[in-house]
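In what follows, a structure is listed as structure tokens, so that the remarks can point back to it.
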Amino acid sequence: MYSYPLLSSLVLCQLLSSARADTTVKLGGYSYVNKGPVAFGVIASNAVDSRGDTIGGIGSAMTIKRGTWSALKNGSFTGTFVMHPDAGPHGDLDKGYQTRQQEIEFVLTPYTGSSSLSLSHAKKTLGLTYRKTLLQVDADGSKLSGVDPSGTQSSTSSSPALPLVSSSDPRLTIDAESIVQDVDGTFWMGDEYGPYIYHFDSAGQRIGVIQPPRAFLPITSQGYVDFSSSSVTGRVGGQGFEGLTMDHSTRTLYAMLQSALMQDGGVDSDGEESDTTSRYTRVVAYAVGGSSPELKGEWVIPLPKSASKGKTRASSEILFVGNGTFLSLSRDADGRGGNGDESSYKQIDLFSIPGATNIAGSKYDDPKNPVAPGGTLVSDVVPAAYASFVDIINKDSLKKFGLHNGSPNDETLIASRWEGLAIAPLCDSSNKDDYLVFAVSDNNFSTTDGVIGGVSYDEGLDVDTQFLVYRVTLPSLARGNVENSLGISPCFS
């Protein structure tokens with residue numbers, strides 16, 4: 001494991017001396033503090049991997065590779081991101097985009113001055129370098145796809161029903177949206193098509209799968225699991241397990257749906273997707289330290305809604321921060337590469353489940369018993385406590401790193417789809433509860449100079465993958481928890 005020296009007094013003075021307006025939020029008996037952004041970086045929209053394919057969509061899922069995080073004596077930090085693209089460019093390539101992990105090395109040099117940086121100087125605070133690609137395969141060695149499933153493999157004694165490319169192309173297809181590395185070096189991956197949690201070994205081969213309760217599964221009116229568009233209950237299409245995180249001290253996985261299940265308000269009375277009744281989503285917990293995963297909990301999370309039209313701000317990622325508390329990355333669809341130029345909501349919020357009702361194993365795991373019919377929560381279920389925390393589109397925070405919200409639509413416009421989170425220790429002996437939280441955007445493979453499988457493509461707009469890094473105080477995290485998750489020595493004895 002890496003030795004992890006405490007930062008020198010000179011570096012600490014530099015980190016603490018910036019003129020900033022800290023924001024404090026109270027939740028579950030703790031006071032959380034947002035001390036603002038400290039770094040920004042990008043990966044160009046036309047960057048390619050060792051296969052010659054465009055490095056796109058990697059903001060869908062991100063974690064820091066175990067054993068790579070290290071602090072330098074000059075106040076910088078180094079490490080390697082393991083990032084996971086989703087389904088590929090629109091997920092509709094003829095033969096699919098083979099599921100893969102991308103490794104991106106970084107050097108973080110926190111900027112805490114009060115002056116605003118130009119975009120070119122801001123990019124230097126988080127240097128990013130592509131290192132390698134790991135192609136992933138199924139249990140039988142076949143290539144995995146990312147296309148929208150049109151086939152279903154029936155369940156067997158050793159496997160649940162699985163989404164397939166088609167009946168004529170019976171390969172497993174995965175829309176990866178979240179990733180976690182376990183203490184044994186294997187990876188867990190949250191998927192939207194199932195919604196499932198897939199387990200991969202370090203060589204990239206699938207070694208398992210977790211199927212959530214039946215309420216989550218796409219069930220037809222005839223009562224069958226069907227991963228096409230004919231389901232009437234279960235996850236809404238494109239709203240599966242966007243969020244996945246782990247408490248490494250107990251080896252407990254937490255997976256959260258992007259928004260409500262169909263029967264919980266995810267669709268309206270006509271069966272059409274509804275963004276005004278889809279607030280009450282669910283998170284499940286699985287203990288994975290034993291011989292097989294075990295469902296340990298399930299809770300309802302009240303997602304934020306827009307003040308004007310009551311639209312649900314769906315969650316694109318979650319991050320465990322101790323004592324049943326999580327960060328949640330919720331956003332609208334505006335910004336660079338989105339529906340419009342000006343965004344009204346992109347935040348890293350907090351929610352806490354200790355006071356919420358655990359519905360695991362209850363009647364609500366049967367799709368016939370919705371927990372929020374028509375978007376109204378049933379009276380016998382208490383949802384998680386929720387609080388606003390980090391405002392990504394804060395004008396002053398964006399300006400500090402050469403960014404803006406709203407027109408003009410250029411490379412300095414904040415990205416639309418923020419979908420990944422990661423955490424690392426700061427090891428500040430004067431502020432032992434302070435951490436660095438990384439956020440990343442999903443550029444949806446949007447580039448005018450793309451190539452997949454040797455075939456060029458042009459999406460009409462260059463959208464770089466953007467990264468922001470925040471310094472935050474997270475008192476609910478037990479000392480050493482984050483270091484344990486990263487496979488490094490604890491900061492403090």
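The values are calculated or read from the model by the stated rules, or taken from the named source; none is laboratory data. Quantities reported herein were computed from a predicted structural model and do not represent experimental measurements. Backbone-built Cβ (ideal geometry, glycine too); neighbour counts: all protein chains shown. Please note that ligands, DNA and RNA were not included when accessible areas were found on the heavy atoms of the full protein model with its side chains. Shrake-Rupley method; radii C 1.70, N 1.55, O 1.52, S 1.80 Å.
Summary of computed values
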| read-out | value |
| --- | --- |
| Qualifying positions in the range 209-241 - open to solvent by 20 Å² or more (accessible area, probe 1.4 Å), under 18 Å from residue 187 (Cα atoms) and touching a strand residue (DSSP E or B) at 6+ places or on another chain (Cβ under 8 Å) | 209 |
| Matching residues, the range 253-275, being part of a strand (DSSP E or B) and more than 21 Å from residue 172 (Cβ to Cβ) | 254, 256, 267, 273 |
| Residue list for the range 219-252, restricted to those being more than 13 Å from the chain's Cα centre (by Cα), closer than 16 Å to residue 192 by Cα and not in a loop (DSSP other than H, G, I, E, B) | 219, 225, 233 |
| Out of 145, 120, 115, 155, sole residue that is farther than 25 Å from residue 51 by Cβ, of a type in the set (Gly, Ala, Ser) and touching a strand residue (DSSP E or B) at 6+ places or on another chain (Cβ under 9 Å) | 155 |
| Hits in the range 405-420 (condition: of a type outside the set (Val, Ile, Thr) and either within 21 Å of the chain's Cα centre (by Cα) or open to solvent by less than 10 Å² (accessible area, probe 1.4 Å) (or both)) | 406, 413, 415, 416, 417, 418, 419, 420 |
| Flag if residue 334 is assigned to a loop (DSSP other than H, G, I, E, B), closer than 22 Å to residue 277 by Cα, in contact (Cβ under 8 Å) with a residue 12 or more places away in the chain and open to solvent by 10 Å² or more (accessible area, probe 1.4 Å) | yes |
| Residue match in the range 79-96 (condition: over 18 Å from the mean Cα position of the chain (by Cα), open to solvent by less than 30 Å² (accessible area, probe 1.4 Å) and at pLDDT 95 or above) | yes |
| Subset of the range 310-331 (residues that are open to solvent by 10 Å² or more (accessible area, probe 1.4 Å), small (Gly, Ala, Ser) and within 22 Å of residue 245 (Cα to Cα)) | 314, 324 |
| Near pairs, Cβ below 8 angstrom, 6+ apart or cross-chain, from the range 23-40 (on the phi < 0 side of the Ramachandran plot and basic (Lys, Arg)) to any residue that is surrounded by fewer than 18 Cβ atoms within 10 Å (Cβ to Cβ) and modelled with pLDDT under 95 | 35/22 |
| First in the range 438-456 and touching a residue at least 40 places away in the same chain (Cβ under 8 Å) and small (Gly, Ala, Ser), second anywhere and open to solvent by 70 Å² or more (accessible area, probe 1.4 Å) and assigned to a strand (DSSP E or B), Cβ under 7 Å, 6 or more apart | 450/456 |
| Lone qualifier among 446, 456 - being more than 19 Å from residue 348 (Cβ to Cβ), touching a Gly at 6+ places or on another chain (Cβ under 9 Å), of a type in the set (S, T, N, Q) and surrounded by fewer than 19 Cβ atoms within 10 Å (Cβ to Cβ) | 456 |
